[in-house]
Structures are given as C-alpha cells and as structure tokens.
Amino acid sequence: MSSPTISNPRFQPVLESLAQQRNLLLERLKQGDKSVLPAKLQLDDAIATLQFCERHRITASAKVLELPETRTRTPSSDYWIMEDHESADRSDWTELSISGQAVHPLPGNLLLDIGLWPLTSES
C-alpha cells in the first residue's frame, strides 16, 4: 500500500526543532558524554514517530478503535475485513487483500480513522 503524498507537512517545524536538539546531543556524545544517550534515543524515537504520523496523515484528532478479544476463543476464530459491494448477500462480498495476502486483524490491532472519508480534495 503506497503512502500518501504530503503537500503541507504538518509536523515539519517541530521535526526541525527535534533534529536540532538531536544534533546537539550527538555532539556531546562525540565528546564522550554518554549521559545524553537515553535522551538521544528518545529523540530518535520521537522523530521517527512524527515522521510515521506525517506519512500517514495521523493527527491527535484521529479516531482509534482497538479490536477486542474475539467472542469465540479458538485459534481458528478470526476477524475478517470484507467489502460488501453494496449487497446484503454475503456471497457477493469479497475479502480485503493487500499484495495478494488476506488481511486478518487480530485482537488488540488498532483501526484508525484519520478523517479522509468521504474523500476530500487533499487525498
């Protein structure tokens, strides 16, 4: 699945600020100050997280749903994602497949609604 194109990077100013802080910590590390390593690793994680959110247009206003445990607790009980093709007849439905692989979310997986449906001019 391809990532959407970012036309107006929402997090760019804060990413630049975090990168500057990271560079200062890198200089201190190069000078032998190992005490800044935990902060540098936290900045690495924060930067990567914001870049991920930027790529997928995830903001704090996204609606998140965590899938609950299945009601039937056996190894063969799965969640399925189906497209109904505007039909109540389940025989017309097709299973979601990405890159030829069926998508079977598991309990604990997150579903995100980033607010792009119905499609807007941004997408």
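The values are calculated or read from the model by the stated rules, or taken from the named source; none is laboratory data. Small disclaimer: the values here were computed from a predicted structure and weren't measured. Each accessible area value is taken on the protein alone, full model and side chains, heavy atoms only, with ligands, DNA and RNA left out. Shrake-Rupley method; radii C 1.70, N 1.55, O 1.52, S 1.80 Å.
Calculated mean residue ellipticity at 222 nm for the chain: -10500 deg cm²/dmol, from DSSP H runs with n ≥ 4 weighted as -39500 (n - 2.57), summed, divided by the residue count and rounded to 500.
Between the amide H of residue 78 and any residue lying 5 or more places away or on another chain, no distance stays under 5 Å, with hydrogens modeled in the peptide plane.
Semi-axis lengths, largest first, of the ellipsoid equivalent to the chain are 40, 21, 12 Å, with √(5λ) applied to each eigenvalue of the Cα gyration tensor. Available extension along the chain between residue 67 and residue 91 is 6.2 nm, counting 0.36 nm per residue and deducting the alpha carbon span.
Counting protein heavy atoms only, the stretch 11-75 has 56 percent of its accessible area on carbon and sulfur, 1.4 angstrom probe. Looking at the stretch 1-94, the accessible area is 81 square angstrom per residue; that uses a 1.4 Å probe and ignores ligands, DNA and RNA. Residue 55 exposes around 100 Å² of accessible area when a 1.4 Å probe is run over every protein chain in place. Computed with a 1.4 Å probe on the full set of protein chains, the accessible area for residue 80 sits at about 140 Å². Going by accessible surface with a 1.4 Å probe and the largest first, 64, 36, 103, 14 read 64, 14, 103, 36.
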